[in-house]
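Encoded as C-alpha cells, the structure appears first; notes follow it.
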Amino acid sequence: MLAEINQILTPYPWQQKQWLDLQARIERGNLPHALMLRGAPGTGKAHFAVALAQMLLCDKPVAQAACGRCKPCLLIKAGSHPDLLLMEPEDAGKAIKVDQVRSVVEFVSRTSQYSGYRVAVISPAEAMNVNASNALLKSLEEPGAKTLLILVSHQVSGVLPTIRSRCQVMEFPLPPRDEALSWLQGCLGDDAGKAERLLNVAGGA
C-alpha cells in the first residue's frame, strides 16, 4: 500500500531511462503537469511514482534522488508531508471512489505549504469509475502552478480516453531478464536458483 511507504525510494535499475528523461525535463523546466505511467503489473511503476514525488519535494536532492535528511524528507517518511497525496482504493481490488478524487481536486487547488511542488499519485488509475474520472478532469485541464498528477496504470484500456489524452504517457515494459535476476539475487543473498524460479513464476515481472 502506498500509504505504508516510510522510506526514501530510488528508481529500480531497469527504470533509469525513464528517470533520466524526467530529470532532463525538470532541468529544462518543462515537466508536464500530468504523467501516466503505464505497463504490466509488477514493473515498479508505483515505486517510481513515489520516488519521483519524493525527489520533487526534497529541499536538497542528492544524485537525482531525495536526500532523506531535510525537513520535507522527514515529513515524507513520517507520512505527513502536506504537499504529497497518495491515492489508491480504500480496499484492495475495489474502486477509487468519487469522494476520494474530490479530495485530490481540493488538494491540487491549494497553495503549496513549502513553496514548491504539490504531487498527487493515483494508483491504479483504472480503479476510478466514470464519476471519479470525470471529477478529476478539471484538475487535469487546469492544474495549479507547480502541480504534478501522476497516474499509475496497469491496464490503460480501463482508463477513460478523456483522462489519457490529458496526460503524457511513459511506458514501463517488463525489466530485461538479466537486470531483474541481478536485482533479485541481491535481495535473496545471491541465491541464483531461487531468483530464476521466482522470476519465472512472476512471468518476468
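The values are calculated or read from the model by the stated rules, or taken from the named source; none is laboratory data. Computed from a predicted structure; not experimentally measured. Cβ atoms come from the backbone with ideal geometry, glycine included; neighbour counts cover every protein chain shown. Quick note on the areas: whole protein, heavy atoms, side chains included, nothing else; ligands and nucleic acids left out. Shrake-Rupley method; radii C 1.70, N 1.55, O 1.52, S 1.80 Å.
I5 meets all of the listed conditions (1) β-branched (V, I, T); (2) closer than 24 Å to R164 by Cβ; (3) touching a residue at least 60 places away in the same chain (Cβ under 8 Å); (4) surrounded by fewer than 21 Cβ atoms within 10 Å (Cβ to Cβ) but one, namely (2).
Counting just the residues of segment 23-51 that are touching a residue at least 60 places away in the same chain (Cβ under 8 Å) and assigned to a helix (DSSP H, G or I), which one comes out most open to solvent (accessible area, probe 1.4 Å)?
So, considering only residues that are touching a residue at least 60 places away in the same chain (Cβ under 8 Å) and assigned to a helix (DSSP H, G or I), the one most open to solvent (accessible area, probe 1.4 Å) is A46.
Checked against the criterion of being in contact with a strand residue (DSSP E or B) (Cβ under 8 Å, 6 or more places away or on another chain) and not small (G, A, S), the candidates L184, L151 yield just one match: L151. Taken together, A125, A195 contain a single residue that is at pLDDT below 95 and surrounded by 15 or more Cβ atoms within 10 Å (Cβ to Cβ), which is A195. Scanning segment 93-109 for residues being open to solvent by 50 Å² or more (accessible area, probe 1.4 Å) and in contact (Cβ under 8 Å) with a residue 24 or more places away in the chain gives a total of 4. All conditions in (1) open to solvent by 10 Å² or more (accessible area, probe 1.4 Å); (2) under 15 Å from the mean Cα position of the chain (by Cα) hold for D59, with the sole exception of (2). Selection of first residues in segment 150-164 that are under 14 Å from A46 (Cα atoms) and of second residues that are outside any loop (DSSP other than H, G, I, E, B) and open to solvent by 60 Å² or more (accessible area, probe 1.4 Å), restricted to Cβ pairs under 7 Å at least 6 apart or on distinct chains, gives the following pairs, ordered by first then second residue: S153/R38. When S80, S115, S133 are checked against the criterion of being assigned to a helix (DSSP H, G or I), over 24 Å from Q15 (Cβ atoms) and either of a type in the set (S, T, N, Q) or open to solvent by 40 Å² or more (accessible area, probe 1.4 Å) (or both), S133 stands alone in meeting it. Of the numbered conditions (1) open to solvent by less than 50 Å² (accessible area, probe 1.4 Å); (2) under 25 Å from L136 (Cβ atoms), P11 fails exactly one; give the number of that condition. Just one mismatch for P11, condition (2). Summed over segment 140-152, residues that are over 13 Å from A53 (Cβ atoms) and either open to solvent by 10 Å² or more (accessible area, probe 1.4 Å) or among the acidic types (D, E) (or both) total 5.
The residue that is nearest to S153 (Cα to Cα), counting only those in segment 119-130 that are under 11 Å from the mean Cα position of the chain (by Cα) and assigned to a loop (DSSP other than H, G, I, E, B), is P124.
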